[in-house]
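**Q** Encoded as structure tokens, here's the structure I'll be asking about.
Taken together, the values in this text are just the output of simple stated rules run on the coordinates, not laboratory data. Predicted model, so just to flag it, every value in this text is computed and none were measured. When we count neighbours, we look across all protein chains shown, and the Cβ atoms used for this are built from the backbone with ideal geometry, even at glycine.
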Amino acid sequence: MTNDDRPLTIWHKSATLDALNQMNRNTLSEHLGMRITELGQAHLLATMPVEQRTMQPMGLLHGGASAALAESLGSMAGYLAAPEGMLVVGQQINAHHLRPARSGMVTAKATAVHLGRSSQVWQIDVVDENDKLCCSCRLTLAVLPEITNNQ
């Protein structure tokens, strides 16, 4: 197989689903039940349950939980897409809450809009179990050098 025959991917870092989910242990992502479920060539998918931990008092998925899912997934995707030795940090997120989710599982898909040297922009869409769009988010990340203990 020549270089031209290899599938194109946006990822600079390699990881397995197990490794990505392990990175989320003891974080907000784990507390809210988020689970990364698919690592495509140009997208990352995650799920989150609609339950007591993620609902607001009116019995609907909390908008903050949707935004947390979007930022967590987009940041993980951004990290994987950043060159070796670089990490990403969130700069801005906006979320348009379009449809309520009352139960079941929501799925988020992160796709890159812009992958630059100093910034990245990600589109993260959250859908319900009927594939209806619940929340549409745009996340801007800064790309920075990794900090080591020696710095």
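**Q** Using a Gaussian network model of the chain with C-alpha springs under 10 Å, which one of Asn21, Asn130, Asn94 is most mobile by mean-square fluctuation?
**A** Largest GNM mean-square fluctuation: Asn130.
**Q** Would you please give the FRET efficiency between Glu84 and Glu51, computed as 1/(1 + (r/R0)^6) with r the Cβ-Cβ distance and R0 = 41 Å, to the nearest 0.05? Walk me through the intermediate numbers first.
**A** Values: r = 38 Å, r/R0 = 0.92.
Approximately 0.60, to the nearest 0.05.
**Q** Could you sort the peptides 32-40, 66-74, 12-20 by per-residue average Cβ neighbour count (10 Å cutoff), highest mean leading?
**A** 66-74, 32-40, 12-20
**Q** On to the next question. What is the gain in length, in nm to one decimal, between Thr148 and Ser118 on full extension, counting 0.36 nm per residue of separation less the C-alpha to C-alpha distance?
**A** Result for the pair: 8.9 nm of gain on full extension.
**Q** Would you calculate the separation in nanometres between label points at Ala42 and Ala15, each defined as 7 Å from the Cα along the Cα-to-beta-carbon direction?
**A** 2.1 nm
**Q** With everything on Cα atoms, drop me the angle between helix 63-81 and the longest principal axis of the chain, reported from 0 to 90° to the nearest 10.
**A** Approximately 10 degrees, to the nearest ten.
**Q** Calculate, for Asn26 and Ser103, the FRET efficiency according to 1/(1 + (r/R0)^6) with r their C-beta to C-beta distance and R0 22 Å; round to the nearest 0.05.
**A** 0.25
**Q** From the backbone phi of the range 16-24, what are the Karplus-calculated ³J(HN,Hα) couplings (6.51 cos²θ - 1.76 cosθ + 1.60, θ = phi - 60°) in whole Hz, Gly and Pro given as x?
**A** Whole-Hz 3J(HN,Hα) from phi for the range 16-24: 9, 4, 4, 5, 5, 5, 5, 4, 8.
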